[in-house]
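Visitor: Starting off with a structure, shown below.
The values are calculated or read from the model by the stated rules, or taken from the named source; none is laboratory data. Worth saying up front: this structure is predicted, and the values here are computed from it rather than measured. As a convention, Cβ positions derive from the backbone with ideal geometry for all residues, glycine included, and neighbour counts pool all protein chains shown. In case anyone asks, the SASA skips ligands and DNA or RNA and just uses the protein heavy atoms, side chains included. Shrake-Rupley method; radii C 1.70, N 1.55, O 1.52, S 1.80 Å.
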Amino acid sequence: MRLLLDTAVVIYAVEFPEKLSRRATTALRNLNHALELSAVSVTEIAIKAASGKLEFSAAILRRAIDDLGIRILPFTADHAFRMFELSRHHNDPFDRQIIAQALCEEISVVTPDEQFRRYEGVVVLW
């Protein structure tokens, strides 16, 4: 099963593993799951780190990607076009892009963000 990790989940896995739900922790450890992280999440972390809102370096992120066996999911034009169809349940542009990817790719999202559940067709694992 493919799982798209929300940005918060990667941060929690590295810095605050106690914040992960039991179900999310089990999913991250399951070797039968293909864990994916949006290129959008990499951008979000970089922007927030550069602005001082987050202490998370490129080296920490690379190590987390390697340690968790995460594949980076590129953000494509198809994903961007899907955003035209999204309702405005969520105002965060990074999360909206992740939602569009999940819908296009038909993959579940691991996220604590309840707003994701408001989008028809998005399957949330938490």
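Visitor: Looking at A34, A8, A58, A24, which one is more than 18 Å from W126 (Cα to Cα) and hydrophobic (A, V, I, L, M, F, W, C)?
Guide: So the residue among A34, A8, A58, A24 that is more than 18 Å from W126 (Cα to Cα) and hydrophobic (A, V, I, L, M, F, W, C) is A58.
Visitor: I'm checking my understanding of the structure. Among residues of segment 110-120 that are part of a loop (DSSP other than H, G, I, E, B) and within 11 Å of L86 (Cα to Cα), which one is most open to solvent (accessible area, probe 1.4 Å)?
Guide: Within segment 110-120, the subset part of a loop (DSSP other than H, G, I, E, B) is 111-113, 119-120.
Now restrict to residues that are within 11 Å of L86 (Cα to Cα): 119-120.
Details: Y119: 10, E120: 174 Å².
Of everything passing the filter in segment 110-120, E120 is most open to solvent (accessible area, probe 1.4 Å).
Visitor: Considering only segment 1-60, state which residues are among the basic types (K, R) and either out of contact with any Ser or Thr (no Cβ under 8 Å at 6 or more places or on another chain) or farther than 19 Å from Q97 by Cα (or both).
Guide: Of the residues in segment 1-60, the ones among the basic types (K, R) are 2, 19, 22-23, 29, 48, 53.
Those that are among the basic types (K, R) and either out of contact with any Ser or Thr (no Cβ under 8 Å at 6 or more places or on another chain) or farther than 19 Å from Q97 by Cα (or both): K19, R22, R23, R29, K48, K53.
Visitor: Suppose we filter segment 24-41 for residues that are out of contact with any helix residue (DSSP H, G or I) (no Cβ under 7 Å at 6 or more places or on another chain), among the aliphatic types (A, V, I, L, M) and at pLDDT 95 or above; how many remain?
Guide: Residues in segment 24-41 being out of contact with any helix residue (DSSP H, G or I) (no Cβ under 7 Å at 6 or more places or on another chain), among the aliphatic types (A, V, I, L, M) and at pLDDT 95 or above: 3 in total.
Visitor: Another question about this same structure. Based on this model, can you work out whether S21 counts as touching a helix residue (DSSP H, G or I) at 6+ places or on another chain (Cβ under 7 Å) and either of a type in the set (S, T, N, Q) or open to solvent by 90 Å² or more (accessible area, probe 1.4 Å) (or both)? Talk me through it step by step, then tell me what you get.
Guide: On the way: touching a helix residue (DSSP H, G or I) at 6+ places or on another chain (Cβ under 7 Å): no; either of a type in the set (S, T, N, Q) or open to solvent by 90 Å² or more (accessible area, probe 1.4 Å) (or both): yes.
It is false that S21 is touching a helix residue (DSSP H, G or I) at 6+ places or on another chain (Cβ under 7 Å) and either of a type in the set (S, T, N, Q) or open to solvent by 90 Å² or more (accessible area, probe 1.4 Å) (or both).
Visitor: Among what's in segment 79-90 and is open to solvent by 60 Å² or more (accessible area, probe 1.4 Å) and over 18 Å from the mean Cα position of the chain (by Cα), pick the residue that is modelled with the lowest pLDDT.
Guide: So, considering only residues that are open to solvent by 60 Å² or more (accessible area, probe 1.4 Å) and over 18 Å from the mean Cα position of the chain (by Cα), the one modelled with the lowest pLDDT is R88.
Visitor: Scan segment 31-43 and tell me whether some residue there is more than 16 Å from D6 (Cα to Cα) and of a type in the set (S, T, N, Q). Quick ask: steps written out before the conclusion?
Guide: First, pick out the residues of segment 31-43 that are more than 16 Å from D6 (Cα to Cα): 31-32.
Subset that is of a type in the set (S, T, N, Q): 32.
Yes, the conditions are met somewhere in segment 31-43.
Visitor: Check whether at least one residue in segment 91-103 is of a type in the set (A, V, I, L, M, F, W, C), farther than 18 Å from A8 by Cβ and surrounded by 15 or more Cβ atoms within 10 Å (Cβ to Cβ), and report yes or no.
Guide: The answer is yes, given that some residue of segment 91-103 is of a type in the set (A, V, I, L, M, F, W, C), farther than 18 Å from A8 by Cβ and surrounded by 15 or more Cβ atoms within 10 Å (Cβ to Cβ).
Visitor: Okay, moving on. It is to be established whether one or more residues within segment 29-42 are at negative phi, surrounded by fewer than 18 Cβ atoms within 10 Å (Cβ to Cβ) and touching an Asp or Glu at 6+ places or on another chain (Cβ under 9 Å).
Guide: As a first pass, look at segment 29-42 and keep what is at negative phi: 29-42.
Filter once more, keeping what is surrounded by fewer than 18 Cβ atoms within 10 Å (Cβ to Cβ): 29-34, 39.
Checking which are touching an Asp or Glu at 6+ places or on another chain (Cβ under 9 Å) leaves us with none.
No, segment 29-42 contains no residue that is at negative phi, surrounded by fewer than 18 Cβ atoms within 10 Å (Cβ to Cβ) and touching an Asp or Glu at 6+ places or on another chain (Cβ under 9 Å).
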